[in-house]
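Structure record follows, encoded as structure tokens.
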Amino acid sequence: MLDIKTSASKIEPASPARRNFLKSSAVVSGALVLAAYVPLIRKAYALTANDPPQPNVFIRIAPDNTVTVIVKHLDKGQGIATGLTTIIADELDADWSQMRSEFAPANVALYNNLAFGIQGTGGSSGIANSWMQLREAGAAARAMLIEAAAQTWNVPASSVHIEKGILISGDHRAPFGEMAVKAAALPVPAHVTPKDPKDWIYIGKFVPRLDSYMKTTGKPVFAMDHQQPGMLTALLQRPPRFGGTVKSFDATQAKAIKGVVDVIQIPTGVAVLAADTWSAMKGRKALKVEWDDQKAETRSSAQIYADYSKLAATPGTPAKTKGDAAKALAGAVKIIEAEYRFPYLAHAPMEPLNATMQLKPDGSAEIWAGSQFQTIEQATAAKILGLKPEQVAINTLWAGGSFGRRATPSADYIAELAMIVKTANRKEPIHLVWTREDDLSGGYYRPATVHRIRAGLDAKGNIAGWESRIVNQSFMYGTPFEPFMVKNDVDATAVEGAADMPYAIDNLSVEWHRAQSPVTTLWWRSVGHSHTAQAVETMIDALAVAANKDPLALRLELLKDEPRYIAVLKLAAEKAGYGEKLPAGQGRGIAVHESFKTYVAMVADVSVSKDGAVKVDRIVAAVDCGIPVNPDVIKAQIEGGAGYALGAALRNQITLKDGIVEQANFDTYEPLRLTDMPKVEVYIVPSTEDPTGIGEPGVPPVAPAVSNAIFAATGKRLWSLPWDFGELRRA
Amino acid sequence: MINLSINGVSHAVDIDPEMPLLWALRDHLGLTGTKFGCGAALCGACTVHLDGEPVRSCQIQVRDAQDRDVTTIEGVDGKVAKVVQAVWQKLQVVQCGFCQSGQIMSAIGLLSQIPKPADEDIDRAMDGNVCRCATYVRIRAGCMKPPKNSREGKSYAGHQDLRVKD
């Protein structure tokens, strides 16, 4: 393993001032590390986009010719390990079979996400923030290998080139491994020029994923699979109501279960520690806990929606004001009003949350987890354990999905584990495991949202004005992200996709009400876009119909200065056969949405039976995410994003009854299944723009495209999610 | 003592006879390829073969698995298994991969019974296996791929094993 330590582990993202200081004081070790170690100076600095190339931080070339890319992001299925490795392999002209990946240790100085300033994965930023950093690192390593070969062979560097991992000059040939030691002694070039795109051999082409083999043969790659001698399993009994606390507990029967070694209270619940998972489950079942619900959420979902609805009837904090929407609507000849309801949603990654932590004899601590916010988790665990951040090592393992859930500004489950480890005070490693029931009832949901829209047409059939009021909780206040995400008392993530809608509408007002509840909320794949796209794109559709315009034509008209939207709309429409006449009972709908700087248009085809049963037959997607680094991974993310969004829109919601979550497992929160999955076709718009996100942007257009298709088939608007197909049967 | 035959190897394990086979495999035999997804036979992540038939190991108590042949993802062998794994690799089915052991065990079960399944056969055999990454387009394609046309693909970086050893 790498032996990396640093003292730069503050939780706050690097501020501009700090970045400048860091830039001027940054001294980066000159040794290209081609063998086993990265000798880092222990100095407080953090890499920024302006730093010189960092081959030694991101690349390790071994004498056995393997090239290992140190991946600073969590791979939870989105393919970032393959993506970042592709960038380096291309710059090096390496052979793909020699490429390896390894997750970086927690080290904010070296491995911060250049988009955040902390080490973390999210916001579909993995490729985008690493793009130039890794191209330059790869180009520097390439230059050093070439220089080493030139010196060895006594030829000009300009005569050396690389083919599939072999350095070549005249009759001289050497694999990377042979030059690794010599190259390591050379200085890192201060400036490099990455390859010309016309010379790319992997970027934009098919490369095999690095994780296919191990994930199809059952290799232990996940945190859940991590095992150590003597490891104990912990299950935590959490309060049944959000905001509840432990009043008292009786562990007598739990402790009588064979295998249970301890029962301890921590601030957020009561933990059962046992020799194995089954004993821990039995022990927790035998536990008796009384809860204090004085500060807990005790409302039911109907009441929460009613409260939100009442708020939506009053003016909120302006998130976007253009022209005079109220005046324009007063003069409109036709007004459409809709109140959208969007439920709390659980992420429900396949691998339930879990992590292992061990206190070491030297007083330090070590974590094994599918760590998504390494800097926050490191700092949080350190604070709880009374350690310095650099005394907490994190081994990031492949994660079995996340969809946002593993990235909590509170480091929730790592904090729980640290409290358990601290309270238990044992030598053995402790593996905290969440069951599926824990996961679905455990909060950190996509915020429940009410979005009320009033939009109107003028006498010419143009959109006169649009008023949006969005009511939901914020998960940004009081976190390290607040300074970046909250502007003028509006949480950008609560209104994104609506406040910044691209349509040329002269009179637009988007307002926000911040709702309060002890229910914990979080970003859920595509964050605010997960609900605003449904609201905006179904309302645009309704306005088109009201104006006797084709929904695609109206979009093209209102987006005439937005070429990237237009390109994806036209491509999706063309590939889907948009405009064809369909048999009765079938419908075709379109939607377009930009999120994380990636543009996605989708055309959905549905069949609706006489009894109101809806089957989504096909989704045709067009995507512009800049330069497509791994086209097959992009396709996979759009396919998967379509399925993830469709499952939620079909039937997923977390509801409360008297504050208690009504869903328990995959029977009451049933994910999309194989038989629900439509055909999905994905088309990528060629681009020379820098790459943007792909993990999330496939989600937002799905529900509105299908909603609009249902309207096309039935003439009925289903605004809210999940769809209530019962409305299709009602007159 | 519970006597289990896993992947052709006999084990005598001192565990609760009511322990689900899933937890015996994972916690006591170190076979972590079989996954815990729901614990209630709702997701299929824990699918293993019991006497050749796909079953949910979270619902089989170890006392009922005694003296029967249990095969896990680590022990699958034979032509169908190799082809399914190779096709999965070739089509790049996996995303997070956490459900894929179970998907593959179900697919092997299906294709062992019906070498050229119709869509309805795939629906029946695979609908119980949840994939939260929704890799279903490729799972279906993987089940449809005629085995004779595929060969064991070249696996890159196949040795990657990210367990951290002390």
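Results, tabulated for the structure shown:
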{"item": "Euclidean distance of C-alpha centroids, the range A:513-566 and the range A:117-147, integer Å", "result": "34 Å"}
{"item": "Helical contribution to [θ] at 222 nm, DSSP H n ≥ 4, -39,500 (n - 2.57), averaged over chain A, rounded to 500", "result": "-9000 deg cm²/dmol"}
{"item": "Relative contact order computed over chain A (Cα-Cα under 8 Å; 6+ residues apart), in percent", "result": "14 percent"}
{"item": "Rg and Dmax [Cα atoms of the range B:31-95; Å; Rg one decimal, Dmax integer]", "result": "12.9, 39"}
{"item": "Longest site-free stretch - chain A; sites: GluC sites (Glu not before Pro), DSSP loop, at most 16 other Cβ within 10 Å", "result": "A:1-579"}
{"item": "DSSP-defined beta bridges in the protein assembly as shown - what % are antiparallel, rounded to 5", "result": "75 percent"}
{"item": "Rounded Å value of the spacing that divides the Cα centres of the range A:442-464 and the range A:335-356", "result": "18 Å"}
{"item": "P(r) of the range A:345-494 over all Cα-Cα pairs, binned every 10 Å from zero, in whole percent", "result": "10, 32, 27, 15, 8, 5, 2, 0"}
{"item": "Relative counts (whole %) of C-alpha pair distances in the range A:114-229, using bins that are 5 Å wide", "result": "2, 9, 14, 15, 15, 15, 13, 10, 6, 2, 1, 0"}
{"item": "Volume per residue of the C-alpha convex hull in the range A:16-216, rounded to whole Å³", "result": "122 Å³"}
{"item": "Chain B: Cα Rg divided by the 2.2 N^0.38 Å rule of thumb", "result": "1.03"}
{"item": "Cut-off 12 Å between beta-carbons: net charge of the residues surrounding A:I367, Lys and Arg +1, Asp and Glu -1", "result": "-1"}
{"item": "Unit charges on C-beta of K, R, D, E only; dipole of the range A:16-216, Debye", "result": "680 debye"}
{"item": "For the range B:2-71: Kirkwood Rh in Å [reciprocal of mean 1/r, alpha carbons]", "result": "11.6 Å"}
{"item": "Phi-based couplings in Hz for the range A:423-438 (Karplus 6.51, -1.76, 1.60; Gly and Pro marked x)", "result": "5, 5, 6, 10, 6, 5, x, 10, 10, 7, 10, 9, 7, 5, 5, 4"}
{"item": "Cα-based Rg / Dmax (Å) for the protein assembly as shown", "result": "27.5, 86"}
{"item": "Loop-located trypsin sites (Lys or Arg not before Pro) in the range A:556-662 whose Cβ has at most 14 other Cβ within 10 Å (DSSP)", "result": "A:K560, A:K581, A:K610"}
{"item": "The range A:337-383 - Kirkwood radius from inverse mean 1/r over Cα pairs (Å)", "result": "14.0 Å"}
{"item": "Centre separation in Å (Cα based) which lies between the range A:227-271 and the range A:681-731", "result": "43 Å"}
{"item": "Share of alpha-carbon pairs per 5 Å distance bin for the range B:79-149, given as whole %", "result": "3, 19, 35, 27, 13, 2"}
{"item": "Greater than 26 Å apart at Cα, pairs in A:K76/A:K427; A:K219/A:K285; A:K76/A:K597", "result": "A:K76/A:K427; A:K219/A:K285"}
{"item": "Hydrodynamic radius of the range A:632-674 per Kirkwood, over alpha carbon pairs, in Å", "result": "11.8 Å"}
{"item": "In Hz, Karplus ³J(HN,Hα) per residue of the range A:478-492 (6.51, -1.76, 1.60; θ = phi - 60°; x = Gly, Pro)", "result": "x, 10, x, 8, 3, x, 8, 9, 9, 10, 6, 6, 10, 7, 4"}
{"item": "Size of electric dipole in the protein assembly as shown: Cβ of Lys, Arg +1 and of Asp, Glu -1, about Cα centre, debye, nearest 20", "result": "460 debye"}
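Any read-out appearing in this document is the output of simple, stated calculations on the displayed coordinates, not a laboratory observation. Since the model is a prediction, treat every value here as computed from it, not as a measurement. All Cβ positions, even for glycine, are placed from backbone atoms using ideal geometry, and neighbour counts span all protein chains on display.
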